[in-house]
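These notes are about the structure you will find just below.
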């Protein structure tokens with residue numbers, strides 16, 4: 001069984017919500033990524049989303065855009081990301097790792113080759129922001145052949161027919177974007193999100209998690225009743241951006257995430 005499915009099965013049995021932190025590979029430094037990943041797990045992360053730096057991250061707000069630019073300037077590309085996951089797997093064989101990025105680097109490498117190398121490195125799933133469900137069949141087939149889940153995105157603007165399709169075809173987990181916009185928002189309408197996600201969970205064949213706009217423990221706790229988990233990205237990336245070294249980055253990451261874990265467990 002895929003590590004993502006196993007983890008969500010464990011969470012369901014324990015009646016706990018998934019906490020999924022996002023960081024950009026290679027930021028705040030090349031040597032900080034793996035220590036930060038381990039620190040996040042120690043602080044209560046259930047799944048790690050690792051951002052693959054891209055030159056035109058159209059779904060991301062300023063914080064993650066700048067993070068991606070810094071990582072690209074350090075030479076972080078697909079192969080380096082795979083190396084980081086491989087290094088993480090040397091001492092963590094159980095925490096699911098999902099790569100989050102864009103389609104172009106996958107196509108440039110070759111979908112089948114990308115899937116084979118990702119699986120070999122220890123990746124469990126891939127979320128491609130700009131791959132529409134109507135064009136995802138070939139990629140999903142190749143990914144699945146190499147044990148990778150193709151994670152899908154849904155949003156408030158998603159039409160009902162497309163939403164039904166996403167719910168039916170969801171793998172690993174279905175990522176619900178809490179508002180129409182880019183990452184890094186400072187406020188979301190939790191009421192409308194609660195209603196929308198509750199309806200989506202009734203249709204979905206996979207767990208539904210909420211991301212975009214989750215910046216602190218109170219937001220995470222507010223969303224916990226309706227979702228199977230929450231994703232926190234921009235606020236975490238911002239929290240570790242000024243770290244002076246990899247140990248400082250790991251401390252900042254753990255310090256940021258621990259209150260969200262506590263809030264989710266309390267909720």
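The values are calculated or read from the model by the stated rules, or taken from the named source; none is laboratory data. Computed from a prediction, not measured in an experiment: that's the story for all the values here. Every residue, glycine among them, receives a Cβ derived from its backbone with ideal geometry; neighbour counts consider all protein chains shown.
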Considering each of 152, 136, 145 in turn, give the residue that is modelled with pLDDT of 90 or more, surrounded by 19 or more Cβ atoms within 10 Å (Cβ to Cβ) and under 24 Å from residue 96 (Cα atoms).
152
Pick from the stretch 110-129, criterion assigned to a loop (DSSP other than H, G, I, E, B) and more than 17 Å from residue 88 (Cα to Cα), ranking: modelled with the lowest pLDDT:
129
Hey, among 183, 205, 190, 157, which residue is modelled with pLDDT under 90 and surrounded by fewer than 17 Cβ atoms within 10 Å (Cβ to Cβ)?
157
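Here is a yes/no grid of residues against (1) in contact (Cβ under 8 Å) with a residue 60 or more places away in the chain; (2) surrounded by fewer than 16 Cβ atoms within 10 Å (Cβ to Cβ); (3) in contact with a strand residue (DSSP E or B) (Cβ under 7 Å, 6 or more places away or on another chain); (4) within 21 Å of residue 8 (Cβ to Cβ):
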| position | (1), (2), (3), (4) |
| --- | --- |
| 40 | yes, no, yes, yes |
| 50 | no, no, yes, yes |
| 81 | no, no, yes, no |
| 129 | yes, no, yes, no |
Looking only at the stretch 160-174, decide whether some residue is at pLDDT below 90, surrounded by fewer than 21 Cβ atoms within 10 Å (Cβ to Cβ), closer than 27 Å to residue 64 by Cα and out of contact with any helix residue (DSSP H, G or I) (no Cβ under 7 Å at 6 or more places or on another chain).
no
Those helices (runs of 4 or more DSSP H) completely within the stretch 1-84 that have 2 or more residues that are modelled with pLDDT under 95 and within 21 Å of residue 221 (Cα to Cα) are none
Name every residue in the stretch 93-113 that is under 18 Å from the mean Cα position of the chain (by Cα) and surrounded by 15 or more Cβ atoms within 10 Å (Cβ to Cβ), in order of residue number.
95, 96, 97, 98, 99, 100, 101, 102, 103, 105, 106
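A quick yes/no check of all residues on (1) in a helix (DSSP H, G or I); (2) at positive phi; (3) surrounded by 22 or more Cβ atoms within 10 Å (Cβ to Cβ):
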| residue | (1), (2), (3) |
| --- | --- |
| 218 | yes, no, no |
| 227 | no, no, yes |
| 235 | yes, no, no |
| 239 | yes, no, no |
| 247 | yes, no, no |
| 253 | yes, no, yes |
| 260 | yes, no, yes |
| 263 | yes, no, no |
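Let's see how each residue does on (1) farther than 21 Å from residue 125 by Cβ; (2) surrounded by fewer than 22 Cβ atoms within 10 Å (Cβ to Cβ):
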{"site": "2", "(1), (2)": "no, yes"}
{"site": "8", "(1), (2)": "no, no"}
{"site": "20", "(1), (2)": "no, no"}
{"site": "44", "(1), (2)": "no, yes"}
{"site": "63", "(1), (2)": "yes, yes"}
For the list (1) more than 18 Å from residue 151 (Cβ to Cβ); (2) crowded, with 20+ Cβ neighbours inside 10 Å; (3) in contact with a helix residue (DSSP H, G or I) (Cβ under 8 Å, 6 or more places away or on another chain), I need the number of the one condition that residue 68 fails.
(3)
Scope the stretch 193-202; condition at pLDDT below 90 and either surrounded by fewer than 19 Cβ atoms within 10 Å (Cβ to Cβ) or more than 19 Å from residue 263 (Cβ to Cβ) (or both); matching residues
194, 195, 196, 198, 199
